[in-house]
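Taking it in order: structure first as structure tokens, then the write-up.
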Amino acid sequence: MSKISLVYYSATGNTEKMAKAIEEGIVEAGGAVTVYKSNAMDKDAILSSDVIVMGSSATGAEVIDENDLLPFMEEAGDKFKGKKVYIFGSYGWGGGEYADNWKAQLEGFGATIVDMPILANEEPSDEELAQLKEVGKKLAAI
């Protein structure tokens with residue numbers, strides 16, 4: 001079974017709800033996941049995982065969490081090479097373009113994005129949460 005780490009930043013609680021839906025899906029499918037808030041993550045443990053799940057609400061000018069997640073990714077850089085990664089998040093303005101840049105950056109490091117990101121405009125809908133739960137189940141099967 002794959003070792004899965006889920007790390008997220010949530011400014012308003014919306015991305016946290018999304019993270020919990022993914023966690024539920026992983027656990028329901030019989031998988032195990034370690035969950036970290038971005039300001040309390042174990043970087044070495046995350047990078048040693050088979051699957052890395054990252055969530056962030058959009059901040060500033062449509063970017064991911066600049067205090068913890070972005071520096072972690074930039075410092076780790078090539079350590080993402082060959083890693084299976086899934087990203088998700090929420091936004092309150094714009095159209096969620098930050099996820100396209102985030103995905104491109106991870107792919108530039110050599111990561112494989114395992115599924116299309118699910119993004120919520122503000123609070124995630126029941127449908128989005130159900131989709132995230134299904135993603136969790138898929139992640140558990142990797």
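Heavy atoms only, 1.4 Å probe, whole protein assembly: order Tyr98, Tyr91 by accessible area, highest first.
The ordering from most to least exposed comes out as Tyr91, Tyr98.
In the set (i) 17; (ii) 34; (iii) 10, which value of percent of Cα pairs over 27 Å apart was calculated from the structure you see?
Read-out from the structure maps to (iii).
When the Karplus curve 6.51 cos²θ - 1.76 cosθ + 1.60 is applied with θ = phi - 60°, which whole-Hz ³J(HN,Hα) does each residue of region 71-85 get, with x for Gly and Pro?
x, 4, 4, 5, 5, 6, x, 5, 6, 7, 4, x, 7, 8, 10
Mind giving me the FRET efficiency for Ala104 and Thr12? R0 is 30 Å, r the Cβ-Cβ distance, nearest 0.05 is fine.
Computed FRET efficiency for Ala104 and Thr12: 0.75.
Compute the signed sum of charges (Lys and Arg +1, Asp and Glu -1) over the other residues within less than 9 Å, Cβ to Cβ, of Ile142.
+1
At 222 nm, what value in deg cm²/dmol follows for the chain if DSSP H runs of at least 4 each add -39500 (n - 2.57) and the sum is divided by all its residues, to the nearest 500?
After summing the helix terms and dividing by residue count, I get -11500 deg cm²/dmol.
Starting from the Cα of Lys79, draw a straight line to each of the lysines and keep only those under 22 Å, dropping any in the same chain fewer than 8 residues away.
Cα-Cα hits under 22 Å: Lys3, Lys37, Lys43, Lys103.
Considering only region 4-141, what is the antiparallel percent among its DSSP beta bridges, to the nearest 5?
Among the beta bridges of region 4-141, antiparallel pairing accounts for roughly 5 percent.
The values are calculated or read from the model by the stated rules, or taken from the named source; none is laboratory data. It should be emphasised that the depicted structure is a prediction, and the values quoted were computed from it without experimental measurement. Note that we place each Cβ from the backbone using ideal geometry, even for glycine, and neighbour counts take in every protein chain shown. Accessible surface areas use protein heavy atoms only, side chains included; no ligands, DNA or RNA. Shrake-Rupley method; radii C 1.70, N 1.55, O 1.52, S 1.80 Å.
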